[in-house]
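Engineer: Before I ask anything, let me first share the structure, which is written out below as structure tokens.
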Amino acid sequence: MIIAGLMTGTSADALDVLLAEFAYDPQSTEADLRVRILASRELEFDRELRADILRLLEPRDVPLSLVSSVDAHLGRFSAGAVQQVCAEAGVDCDLVVSHGQTVRHDIADGTVTSTLQIGQPAWIAEATGSPVLSDVRARDVAAGGQGAPLVGILDRLLAGDVETPTAVLNLGGIANITVLAPENDPLAFDTGPANALIDILAGRISGGEDTFDRDGTLAARGRVDEELLTELLADPYYRLPAPKSTGKELFHTDYLDGFLATRTHLGEHDAIATVTQLTARTVAEACRGHGVTRVIASGGGTRNPTLMQRLRTELGDAVTLTSTDEEFGLPEGGKEALLMALLGWLTWNGLAGTEPSLTGAGHPSIAGRLSPGKGSLRLPEPLHRRPTHLRILH
């Protein structure tokens, strides 16, 4: 079964598209799900779409017309992206899974009250003729879960049984970890900002030319302001128990400016050095809180050498820092799109894509809603057990 996984995250700069071919023999004693990655592409948004998405991510009132416009624009962009990547790979997909863009993830007293992803799947179904799975977070939220991060199910299947406490880390706009430990249920949660605050300052320093700290050069030119770092670390979010989730509803431009407003003397490179240190410190403290001795990293933040060096220092010599590429043969940029494809495979086969220990929900749930393609929607007989391991074939 060939599934296209589509992912756009809180950085809102591009759409990740991954084509995955899944094979599974439920009669096998190993119960391994095998996947071959046929193609993986990152397609940058046009300037107008990115600007409109970023407007929606700020905690300000916006016209409903903007929400509707971005919903359609992102849907059409996603449809074209799937067609392009499938044509380049010379394959057709049996299913498309579109995460869409999270524009709201509202939390009150630690409980997620609503979550909204837009990017109209009907455009994808119409253009490709394939059924589309979308809205993959809402069911978990309805069951009392955080709805994020969902990647724990993939991390558990990739890592299998671990011998020492291990954190599988993703450094997107927000950082999240899945903690896997012998004889314990897996746990997943957002640790705080990864690139969210860094990207804001990178855009300012570059005059809008760069949307991220390319190669970590901006942070490398600054010095950490310890007083500012201490104030940033005092945010109550970091002390909340897991599972927990966050996003740009908290870590946004106005939030950052509230700290910088009283520090007009602070140089822009010192500011970006400080929020880079914030990411490294909060990730490391979250890992220490669970006795982690190995961290397996992925996400755009791994392309920032300054961030990775500071994370390595914060973790200390007792913790091994590696990557999904080294450990699983999975390039860091394709992990979340592979997650979408995996959720699609699970839903298609009647299997839950969440676990209570990962999201805090009252029960496991099957993820998403399906939009039919050009033909009638026919699902196979549900499987009775989920695979225990995901193996990436090369």
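Engineer: Of the residues 59, 26, only one is surrounded by fewer than 16 Cβ atoms within 10 Å (Cβ to Cβ), outside any strand (DSSP E or B) and in contact with a helix residue (DSSP H, G or I) (Cβ under 9 Å, 6 or more places away or on another chain); which?
Structural biologist: Result of the check over 59, 26: 59.
Engineer: Within 26 Å of residue 146 (Cα to Cα), surrounded by fewer than 24 Cβ atoms within 10 Å (Cβ to Cβ) and in contact (Cβ under 8 Å) with a residue 24 or more places away in the chain: which single residue out of 385, 303 fits that description?
Structural biologist: Going through 385, 303 in turn, the sole match is 385.
Engineer: Can you tell me which residues in region 119-137 are surrounded by fewer than 19 Cβ atoms within 10 Å (Cβ to Cβ) and either within 19 Å of the chain's Cα centre (by Cα) or not in a helix (DSSP H, G or I) (or both)?
Structural biologist: If the condition is that a residue be surrounded by fewer than 19 Cβ atoms within 10 Å (Cβ to Cβ) and either within 19 Å of the chain's Cα centre (by Cα) or not in a helix (DSSP H, G or I) (or both), then 129 is the only one that fits.
Engineer: Related question: Limited to region 209-263, what total is found for residues that are farther than 16 Å from residue 196 by Cα, assigned to a loop (DSSP other than H, G, I, E, B) and among the basic types (Lys, Arg)?
Structural biologist: Going through region 209-263 one residue at a time, the tally reaches 4.
Engineer: Since residue 116 meets every condition but one in (1) part of a strand (DSSP E or B); (2) in contact (Cβ under 8 Å) with a residue 24 or more places away in the chain, which condition does it not meet?
Structural biologist: So the condition that residue 116 fails would be (2).
Engineer: Restricting to region 84-109, what's the tally of residues that are on the phi > 0 side of the Ramachandran plot and touching a Leu at 6+ places or on another chain (Cβ under 6 Å)?
Structural biologist: Keep residues of region 84-109 that are on the phi > 0 side of the Ramachandran plot, which gives 90, 100, 109.
Then keep just the ones that are touching a Leu at 6+ places or on another chain (Cβ under 6 Å); that gives none.
Summing the residues that are on the phi > 0 side of the Ramachandran plot and touching a Leu at 6+ places or on another chain (Cβ under 6 Å) in region 84-109 gives 0.
Engineer: Now for a different question. If I filter region 159-200 down to residues being open to solvent by 10 Å² or more (accessible area, probe 1.4 Å), hydrophobic (A, V, I, L, M, F, W, C) and assigned to a helix (DSSP H, G or I), which single residue comes out as nearest to residue 279 (Cα to Cα)?
Structural biologist: 200
The values are calculated or read from the model by the stated rules, or taken from the named source; none is laboratory data. Fair warning: this is a prediction, and the values are worked out from it, not measured in the lab. Heads up, the Cβs are rebuilt from the backbone with ideal geometry, glycines too, and the neighbour counts pull from every protein chain shown. Accessible surface is based on the protein model in full, side chains and every heavy atom, while ligands, DNA and RNA are left aside. Shrake-Rupley method; radii C 1.70, N 1.55, O 1.52, S 1.80 Å.
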